[in-house]
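Below is one structure, written out as structure tokens; comments come after it.
Here, each number is a calculation from the coordinates, and none is a lab measurement. Please read these numbers as outputs of a predicted model, since none were measured by experiment. Cβ atoms come from the backbone with ideal geometry, glycine included; neighbour counts cover every protein chain shown.
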Amino acid sequence: MKRPPLAFLAMAALLVVATARGQGMALPEFERIELDNGAIILLHEKHDVPLIGVEVIIRGGASNDPEGLAGLSGLLAGLLEKGAGDRDAAEFAESVAAVGGELSASGALEAITISGEFLADDADLLVELLADMLRRPALDAAEMDKLRKRLINFIRAAKDSRLGRLVPIYGNAFLFGDHPYGNPASGSEESLGKIKHRDLLGYYRDYIGADRLIIAVAGDFDSAAMKKNLTSAFGDWRKAPAALIEVTAPIPRTGRRVLLVDKPGATQTYFWIANVGVAIDYPRRAELDIANTVFGGRFTSMLNTELRIKSGLTYGARSTLTRPAQPGSVAIYSYTKTDSTVAAIDMALGVLSDLRATGIDAEMIQSAKNYILGQFPPRLETASQLAGILTQLEHMNLDVSYIDDYGAAVAGADSEIIAAVINDVYPALDDLVFVLLGDAELIREAVTKYGPVTEMSITAPRFRP
């Protein structure tokens, strides 16, 4: 009998793993187990459909990459799929595909993540593959070389035709400088080129271990059996011998500064205007989300309305908030034709000025509340989504109230507090970092009005001047 596709099962089931509680959401009960070696296991058993979702986190990520070797942890993450245990890269991929499973690893700013979804009948295989990936990865030198070349080619291709993907990378590198949050998770051409196979093996040896491990499993399984299986697989794993880099809070920038990344012949200018924002545990998260929704978080936002709908200067403008363990960036992002660069940036700054000066009115606040409350519950529909939420809470040391109380906090947000949050988080116009990707010859003189300009070529093999 042919197995149904996992994606079909996940969508058809609509596993509502969070239950309504007034205007809030309550996470379902789950079991938390801490093994003697520090590994954390999080289990939620639910038998709606025969699916199991898994999310694995290894603490560390790009913020822990050694100096000059940005992208090392991301490269390691990619290699976890390229052979493990007794399986080479092809055999490992075939083992997953043969049962219709999904299993992938990726590097991020503060973690290496493995995500997967398997049918319930294949639970033992899932645990076996995870144990092999983490405890017995092949880390083959030839596979590393192929993956590294591929990542470098992706960066070069983006510099040729997908500049929008690179703007936040240049932006964070310029904003955070030598702070670990300036490290690009994907690395740069320069840093990837420096990584040796011995660096990869050393990173795995020193920084990957049980005390960095969080595994969340949700879906159709027997909790006692899963606990026993995972404990058997990881209970005797060693701890990582080296301490993670201590990431301190970055200092917000004062004054203005501009990075101009020159791409001769570019017909558009991509711009990113930012400063240091807040961390994931910011206490007024609901109020901030309301403000950001109105400012630049949806199609009908202030930024998009002014820059796209009314003026036609761009096809899209938005504001973004990155909220890692320490304060991340708060940014405005858009792009425009080269000859309208200054007009578009000035308009974006005007919208930011209006936001800080006048805030948002009651009608916009209510609209944002409705939008957020309509978007939030669907993110907790599937077993995989729940597993992802559980690992995030554990990784960031957040209580379940982070989810349970969110809806009620949004619904009850007060306009005066929202106004205070706006002025607390969104930077003053005198304290901004500008990153522009475009034809420097055509815009160089004009953009000096925004502050002292540092220039670099897009052909430079790094993201920081």
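Roughly how tilted is helix 285-296, in degrees to the nearest 10 and between 0 and 90, from the longest Cα axis of the chain?
50
So how tilted is helix 415-425 from the main axis of the chain? Cα-based, degrees 0 to 90, rounded to 10.
Compared with the principal axis, the helix lies near 90 degrees.
Which aspartates and glutamates have a Cα less than 17 Å from the Cα of LYS369, not counting those fewer than 8 places away in the same chain?
Candidates past the 8-residue exclusion: GLU287, ASP289, ASP361, ASP404, ASP405, ASP414, GLU416.
Just check the range 315-358 against the gyration tensor rule for me: Cα atoms, a ≥ b ≥ c as the square roots of the eigenvalues, rounded for a/c under 1.5, and otherwise prolate or oblate depending on whether a/b exceeds b/c.
Values: a/c = 3.10, a/b = 1.54, b/c = 2.01.
Because a/c hits 1.5 or more and a/b fails to exceed b/c, the range 315-358 counts as oblate.
In whole Å, what three semi-axes, largest first, describe the equivalent ellipsoid of the chain built from its Cα gyration tensor (square root of 5 times each eigenvalue)?
On the way: eigenvalues 295, 168, 76 Å².
Rounded to whole Å, the semi-axes are 38, 29, 19.
Calculate how steeply helix 383-395 sits against the longest principal axis of the alpha-carbon atoms of the chain, using the helix alpha-carbon long axis, and give the answer as 0 to 90 degrees to the nearest 10.
70
Please state the shape class of the range 183-277: rounded when a/c is under 1.5, otherwise prolate if a/b exceeds b/c and oblate if not, all from the C-alpha gyration tensor.
Values: a/c = 2.38, a/b = 2.04, b/c = 1.17.
Here the range 183-277 falls in the prolate category.
Among LEU103, LEU230, LEU134, LEU386, rank each residue by its count of other Cβ atoms within 10 Å, from fewest to most, as a rough exposure measure.
Numbers: LEU103 23, LEU230 20, LEU134 26, LEU386 29.
Least to most surrounded, the residues fall as LEU230, LEU103, LEU134, LEU386.
Using alpha carbons only, what's the Rg to Rh ratio of the range 256-457 with Rh from Kirkwood?
Numbers: Rg = 18.3 Å, Rh = 18.1 Å.
Taking Rg over the Kirkwood Rh, I get 1.01.
Check cross-link reach from LYS149 to the aspartates and glutamates: straight Cα distance under 12 Å, and skip same-chain residues fewer than eight apart.
Once the sequence-local aspartates and glutamates are set aside, what remains near LYS149 is GLU189, GLU190.
Taking every eigenvalue of the Cα gyration tensor of the range 263-360, multiplying by 5 and rooting it, what semi-axes result, largest first, whole Å?
Values: eigenvalues 125, 51, 21 Å².
With the √(5λ) rule applied to the range 263-360, the semi-axes are 25, 16, 10 Å.
Taking the Cβ-Cβ separation of ALA97 and THR248 as r and a Förster radius of 30 Å, what is the calculated FRET efficiency to the nearest 0.05?
0.10
Given axes a ≥ b ≥ c from the Cα gyration tensor, I'd like to know whether the range 6-234 is rounded (a/c under 1.5), prolate (a/b larger than b/c) or oblate. Write down the numbers at each step before the final one.
On the way: a/c = 1.76, a/b = 1.50, b/c = 1.17.
Prolate.
Please tell me which of these pairs span more than 31 angstrom C-alpha to C-alpha: LYS310/LYS449; LYS194/LYS449; LYS82/LYS228; LYS194/LYS239? Intermediate values should be presented prior to the final figure.
Values: LYS310/LYS449 25 Å; LYS194/LYS449 38 Å; LYS82/LYS228 27 Å; LYS194/LYS239 28 Å.
Result: LYS194/LYS449 exceed 31 Å.
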